[in-house]
Amino acid sequence: MHLRTFTPMKYSSKLLSQTLTQICLVKGVHHIVISPGSRNAPLTIGFVENEKFNCFSIVDERSAAFFALGMSQQLKLPVVLVCTSGSALLNYYPAVAEAFYSDIPLVIISADRPKELINIGDGQTIQQENVFANHILYNANCENGKKHLAYNENEINKAINIAFEQQGPVHINVPFAEPLYETVDGLQVQSEIIPLGIPEKNTLVELDPFVNKWNISNKKIILIGAQSPNSIEQKFIDQLAEDESVLIFTETTSNVHHHNIFPSIDQLIAPLYDDAFKNLQPEILITFGGMVISKKIKAFLRNYSPTEHWHIDPKKAYDTYFCLKHHFKISPNDFLKEFLPKTIVTENTFQKDWLKVKQHRLDRQAFYENSMPYSDFKVFSEIVKSLPNNIHLQLSNSATIRYSQLFKLDKSIHVFCNRGTSGIDGCTSTAIGAAYISDDPTVFITGDLSFFYDSNALWNNYIPNNFKIIVINNGGGGIFRILPGDKNSENFKTYFETKHHITAEHLCKMYDFNYHSVSLDNELKTSLNSFFKESNTPKLLEIFTPSEINDKVLLDYFKFIK
C-alpha cells in the first residue's frame, strides 16, 4: 500500500513577500512570469510554493515581459512580472510602454536592495524607484522592515487595484535585505485586502446638441482603431453601416465586419487627389478603438478637417487629427445604445458613391494580383487566401501589419498586433504569450528583422504545439525601400535596410520547431496548404522574397488600382 506524501507549503520568511502573494491571490492575479535571480528569491519562493499560482520561468526579461503582455492581452486581467534587481528591470521597459499605450494590465514587481545599499557601489544596483516614469499608471515604492507593513499593504493594494480598474501597467518595487532564501512553515502576516473600487457610472452629457448636428450632416465618417474582437455589438455596426450618409473605416486590427464598411483604407484613398478628397471630407468624424495604423488617413483628416471630431472612450482621447471637439468618457456600446435611437437616417449618395469606388479598387486589385510577379505583395495575397477560419492571428509591426491592411480576412479570424508603440521588439514573445492563453490555433506572421530581433522568444517552454510562425524574409528592412531616399547606396543597405543573409533554420533546430522554407512562386500554395495542417510540434515557414522588386510592386499597385 502506498501512502500519498504531502509536502507542506513553504513561505518566504520575508513579510513583504508574504504580503504581496496574499494580496495577489485574493485579488485573482494568478499568472506569474518570473525571470531568475537571487534578490527576487523571496518573491519566487512565495509564488512558486503556492500551487494556486500559475508560474512561468523565462530567462530573458524583455521576452518575459512581452510574453506576459500577450497573456494579459487575452485574459484581460493583470499578469505579474517578477525580476531581480539592477538592469533586469530596465529590460521590461519596451513592454511596459506597449502596455501603457495599449491599455493592457501588467503588475511589475522588482526586487531591490534596501535604501542604505543604493548608490554606495554595491553590485547589480540601480535607482529602481519610479524607473518607468511617464509610462506607468502607478509606482508603489515599498519600504524594508516590519514597521512598514501597513504602508506596504496599502501601496500594494492600490497598485494592483489600479491595474484592474484602469487597465494598464503598474510597478511595485520591493527591497529585500539578506538572507534571501529562508522559509517558514506558515504565514506570519494577515494582510488587509482593499477591494476594487466600484466603477464610476459615466453619464453621458446632454446628447441632443450632438444628435442635432449628426442629423443635419450629410457626410459622416466612423473610424475604428485597434480593438479586441466583439468589442462593439454587431447590431450597432449594422445600423451605422446601413445609413447612406455614413462611411465606416476600419483596419485589420479593428476586428469589425460588414459588407458596407471600408476595411482597406489605404486601398481606397491612396490614389485620390484634391477634388476627391474634398468630396470625401466629412462634416462629422467619430472615432473609437485604439491606435490607427494608416498614415494616409491621418494625413487626409489633418488636411481636410471635419467640422466635428468626437472620440468615444472611457479612459482617454488623443487629438490625432488636430480637430478634436469632444471626448465622450463612456464605452462605445453605451454611447451607441443611447445615441443611435435619437438619430435620423439621412438619405443621400455619400456611402453609395464611395462603395462604387471601393468595388472598382477591388476589381483592379484582383486583376493586379493575377499578373504581379513573385514578391512580398504576392506572398501576402496567397497567405490570406490560405489562412484557415477560426484562428487567432498575431501580426508583427512594420511591413507585415501594413500589407495585411490591403486584404480582406474572414470574420472568424481574430487579429492582434502591438500597436501601442508599434515596435518590432517583442512581437514574437507577445504572440507566444497570447497563444498560450487562446483556445484557438494561433498563427503569427512576421518579417525577418522583427523575428530575429526577438529570437529569444523561442527560448520558452510554454509554446503550444498548434502555434505556427510565417517569416517573410526579404533579407532586410524592406519597408525602408518604400520610403524616400537613395536605395542603391551602401549606407542605405547597411544602416536603413540592414541587409543580411540569416535564416531561421538553425533556430528551429535549436528550439524543436518544424521548419520549411519557400523561395519560388510555384511552391508557395502547396507549402502553405501543408503548413496549416495539424502537427505535434510548433511550425515555422520561412518565405524568401526578392528585396529588389518588393517596393516597386507595391507602389505600382497603388497606381494600378486608381
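Which residue pairs have Cβ atoms under 8 Å apart, sit 6 or more places apart or on different chains, and have a first residue in region 364-383 that is within 17 Å of Lys525 (Cβ to Cβ) and in a loop (DSSP other than H, G, I, E, B) and a second that is of a type in the set (Lys, Arg) and at pLDDT 95 or above?
Partner pairs satisfying both residue conditions: Met372/Lys378.
Starting from region 405-430, take each residue that is more than 19 Å from Gly289 (Cβ to Cβ) and crowded, with 19+ Cβ neighbours inside 10 Å and list its partners that are modelled with pLDDT of 95 or more and among the charged types (D, E, K, R), counting only C-beta distances under 6 angstrom and pairs at least six apart or across chains.
These pairs meet every condition: Gly426/Asp454; Thr428/Asp454; Ser429/Asp454.
Which residue, of Val170, Val174, is modelled with pLDDT of 95 or more, surrounded by 15 or more Cβ atoms within 10 Å (Cβ to Cβ) and under 21 Å from Lys10 (Cβ atoms)?
From the options Val170, Val174, the qualifying one is Val174.
Restricted to region 384-399, and to residues that are part of a helix (DSSP H, G or I) and touching a residue at least 60 places away in the same chain (Cβ under 8 Å), which residue is nearest to Ala270 (Cα to Cα)?
My answer is Ala399.
Surrounded by fewer than 19 Cβ atoms within 10 Å (Cβ to Cβ) and within 28 Å of the chain's Cα centre (by Cα): does that describe Glu534?
Here the answer is yes, as Glu534 does meet what is asked.
With Asn144, Asn157, Asn173 as the choices, which residue is assigned by TED's automatic domain parsing to the domain that holds His30, out of contact with any Phe, Trp or Tyr (no Cβ under 8 Å at 6 or more places or on another chain) and either farther than 21 Å from Ile34 by Cα or not in a strand (DSSP E or B) (or both)?
Asn157 is the lone residue from the list that is assigned by TED's automatic domain parsing to the domain that holds His30, out of contact with any Phe, Trp or Tyr (no Cβ under 8 Å at 6 or more places or on another chain) and either farther than 21 Å from Ile34 by Cα or not in a strand (DSSP E or B) (or both).
Before we move on, is Lys385 touching a Leu at 6+ places or on another chain (Cβ under 9 Å) and surrounded by fewer than 17 Cβ atoms within 10 Å (Cβ to Cβ)?
Answer is yes for this residue.
Yes/no matrix, rows are residues, columns are (1) among the aromatic types (Phe, Trp, Tyr); (2) closer than 30 Å to Phe416 by Cβ; (3) buried (at least 17 other Cβ atoms within 10 Å of the Cβ):
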| position | (1), (2), (3) |
| --- | --- |
| Met9 | no, no, no |
| Gly28 | no, yes, no |
| Ile58 | no, yes, yes |
| Ala65 | no, yes, yes |
| Gly70 | no, yes, yes |
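Need the failing condition index for Phe380 against (1) in contact with a strand residue (DSSP E or B) (Cβ under 7 Å, 6 or more places away or on another chain); (2) in the same structural domain as Phe444 (by TED's automatic domain parsing), just the number.
(1)
Residue under question is Ile265, and the condition is that it be touching a Lys or Arg at 6+ places or on another chain (Cβ under 9 Å) and either of a type in the set (D, E, K, R) or within 25 Å of Phe558 (Cβ to Cβ) (or both); does it hold?
It is true that Ile265 is touching a Lys or Arg at 6+ places or on another chain (Cβ under 9 Å) and either of a type in the set (D, E, K, R) or within 25 Å of Phe558 (Cβ to Cβ) (or both).
Looking at region 97-109, which of its residues are over 10 Å from the mean Cα position of the chain (by Cα), surrounded by fewer than 24 Cβ atoms within 10 Å (Cβ to Cβ) and within 15 Å of Tyr138 (Cβ to Cβ)?
Phe100 - this is the single residue of region 97-109 that is over 10 Å from the mean Cα position of the chain (by Cα), surrounded by fewer than 24 Cβ atoms within 10 Å (Cβ to Cβ) and within 15 Å of Tyr138 (Cβ to Cβ).
For residues that are among the β-branched types (Val, Ile, Thr) and within 25 Å of Asn397 (Cα to Cα), tally how many sit in region 43-79.
3
Among what's in region 85-96 and is of a type in the set (Ser, Thr, Tyr) and surrounded by fewer than 24 Cβ atoms within 10 Å (Cβ to Cβ), pick the residue that is nearest to the chain's Cα centre (by Cα).
Once the filter is applied, the top-ranked residue is Tyr93.
If you take the residues of region 499-522 that are part of a helix (DSSP H, G or I), more than 26 Å from the chain's Cα centre (by Cα) and modelled with pLDDT of 95 or more, which of them is surrounded by the most Cβ atoms within 10 Å (Cβ to Cβ)?
Once the filter is applied, the top-ranked residue is Glu505.
Pick out, from region 406-473, the strands (runs of 3 or more DSSP E) lying fully within it that include 2 or more residues that are within 12 Å of the chain's Cα centre (by Cα) and of a type outside the set (Phe, Trp, Tyr).
The strands (runs of 3 or more DSSP E) meeting that bar are 414-417.
Just checking, does region 280-299 include any residue being surrounded by 17 or more Cβ atoms within 10 Å (Cβ to Cβ) and at positive phi?
yes
If I ask for residues that are among the acidic types (Asp, Glu) and either surrounded by 11 or more Cβ atoms within 10 Å (Cβ to Cβ) or outside any helix (DSSP H, G or I) (or both), which ones from region 196-245 would you list?
Once the filter is applied, which keeps residues that are among the acidic types (Asp, Glu) and either surrounded by 11 or more Cβ atoms within 10 Å (Cβ to Cβ) or outside any helix (DSSP H, G or I) (or both), region 196-245 yields Glu200, Glu206, Glu233, Asp238, Glu242, Asp243, Glu244.
Residue by residue through region 3-57, note down the ones that are farther than 19 Å from Leu89 by Cα and of a type in the set (S, T, N, Q).
Correct list: Thr5, Thr7, Ser12, Ser13, Gln18, Thr19, Thr21, Gln22, Asn50, Asn54.
The values are calculated or read from the model by the stated rules, or taken from the named source; none is laboratory data. Values in this document were obtained by computation on a predicted structure and should not be read as measured data. Backbone-built Cβ (ideal geometry, glycine too); neighbour counts: all protein chains shown.
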